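The values are calculated or read from the model by the stated rules, or taken from the named source; none is laboratory data. If you're wondering where the values come from, they're calculated on a predicted model, not measured in any experiment. Virtual Cβ from ideal backbone geometry, glycine too; neighbours counted across all protein chains shown.
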Amino acid sequence: MSLFGYLRSTILSKVVMAITGAVLVLYVIVHTAGNMLIFIGKDSLNSYSAFLHSLGPILWIIRAVLILSAILHIITSIKLKFENLAAKPSKYAVKNYLKAKLSSRTMIWTGIMILSFVVYHLLHFTFRTTNPQHYYPEFYQPHNAVSSIIIERFDVYRMVVLGFQNPLISIVYIVGVILVGFHLDHAIQSMFQTLGYNQKHYFPTIQKCSTTLAIIIVLCLVSIPISVLLGFIGGEI
Ligand code: HEM
């Protein structure tokens with residue numbers, strides 16, 4: 001199908017939203033699980049980060065899929081928003097059934113704010129341009145090393161702790177993560193609707209599961225800046 005064909009097809013656009021959304025949701029789940037290693041300790045988080053960086057070309061393939069998904073997701077959401085504004089009537093066939101929760105009515109706005117948050121987050125932790133003074137190498141001796149070999153690796157634990165010790169930075173992350181939660185809640189439900197799982201008898205279960213998943217992700221992620229601010233983590237820097 002040509003680009004114009006894609007732009008004209010609402011059904012295809014919704015499928016693109018669902019697939020790219022699923023890729024992004026999956027990334028957030030894996031990223032949240034990886035970030036939880038900070039509670040195990042400095043070595044766990046830094047080893048995990050070193051492992052990801054050691055993936056080399058595989059990491060770049062994952063990044064390419066993520067970037068492509070994010071771009072397609074954003075372009076398609078803008079296109080659907082304009083279509084909805086032009087057509088006004090219901091966005092979904094089962095709109096009467098789906099309670100128009102706050103999260104569902106604010107998708108485009110939470111999406112724009114999440115994009116701003118992710119751009120800041122990448123400048124902060126990935127490109128390390130907003131707070132370069134928080135970026136340190138770690139000289140690390142593997143536990144199982146036979147000789148006194150010393151490896152230089154990126155001290156992601158120290159960077160995260162030093163970042164979140166600044167209350168303003170922590171607040172930006174807490175707000176950003178809550179917005180991600182709101183967005184995720186409705187996004188997962190929309191995804192299942194697009195795939196045709198919108199029947200009355202099991203859609204409430206899908207709603208409950210998506211809300212529970214969104215709450216778990218938010219609680220896990222906000223617990224990091226909160227724990228740093230309260231001094232529960234950070235003793236190892
Ligand atoms: C408290 C919340 C979060 C923390 C502590 C956190 C931590 C980090 C850290 C430390 C990195 C750099 C990893 C490295 O270079 O080794 C990173 C990268 C990244 N984070 Fe987060 N993150 C959080 C929330 C989020 C959220 C909510 C999203 C998405 C909506 C997100 C998306 C990303 C992306 C796309 C990258 C770049 C990955 C790459 O380099 O390929 N993060 N995050």
**Fill in**
Scanning the range 20-32 residue by residue, those touching a helix residue (DSSP H, G or I) at 6+ places or on another chain (Cβ under 8 Å) and more than 10 Å from the ligand (Cβ to nearest atom) turn out to be 20, 21, 22, 23, 29
**Prompt:** Looking at 118, 175, 180, 156, which one is surrounded by fewer than 17 Cβ atoms within 10 Å (Cβ to Cβ) and near the ligand (Cβ under 9 Å from one of its atoms)?
**Reply:** 118
**Prompt:** Which of the residues that make up the range 13-28 are within 22 Å of residue 117 (Cβ to Cβ), surrounded by 15 or more Cβ atoms within 10 Å (Cβ to Cβ) and among the aliphatic types (A, V, I, L, M)?
**Reply:** 17, 22, 23, 24, 25, 28
**Request:** State whether one or more residues within the range 194-211 are surrounded by 13 or more Cβ atoms within 10 Å (Cβ to Cβ), without any contact (Cβ under 8 Å) to a residue 24 or more places away in the chain and β-branched (Val, Ile, Thr).
**Result:** yes
**Prompt:** Inside the range 192-237, can you point out the residues that are within 16 Å of the ligand (Cβ to nearest atom) and either over 30 Å from residue 164 (Cα atoms) or among the β-branched types (Val, Ile, Thr) (or both)?
**Reply:** 215, 216, 217, 218, 222, 224, 226, 228, 233, 237
**Item:** Considering residues of the range 33-46 that are within 11 Å of the ligand (Cβ to nearest atom) and out of contact with any Lys or Arg (no Cβ under 8 Å at 6 or more places or on another chain) only, the residue farthest from residue 221 (Cα to Cα)
**Value:** 45
**Request:** Tell me which residues, restricted to the range 60-74, are surrounded by 13 or more Cβ atoms within 10 Å (Cβ to Cβ) and within 11 Å of the ligand (Cβ to nearest atom).
**Result:** 62, 65, 66, 69, 70
**Item:** Enumerated helices (runs of 4 or more DSSP H) restricted to the range 138-237, each holding at least 3 residues that are touching a His at 6+ places or on another chain (Cβ under 7 Å) and of a type outside the set (Val, Ile, Thr)
**Value:** 156-164
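So that you can scan it fast, the table gives a plain yes or no per residue for (1) at pLDDT below 95; (2) over 28 Å from residue 135 (Cβ atoms):
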site	(1), (2)
2	yes, yes
16	yes, yes
20	no, yes
38	no, no
50	yes, no
59	no, no
72	no, yes
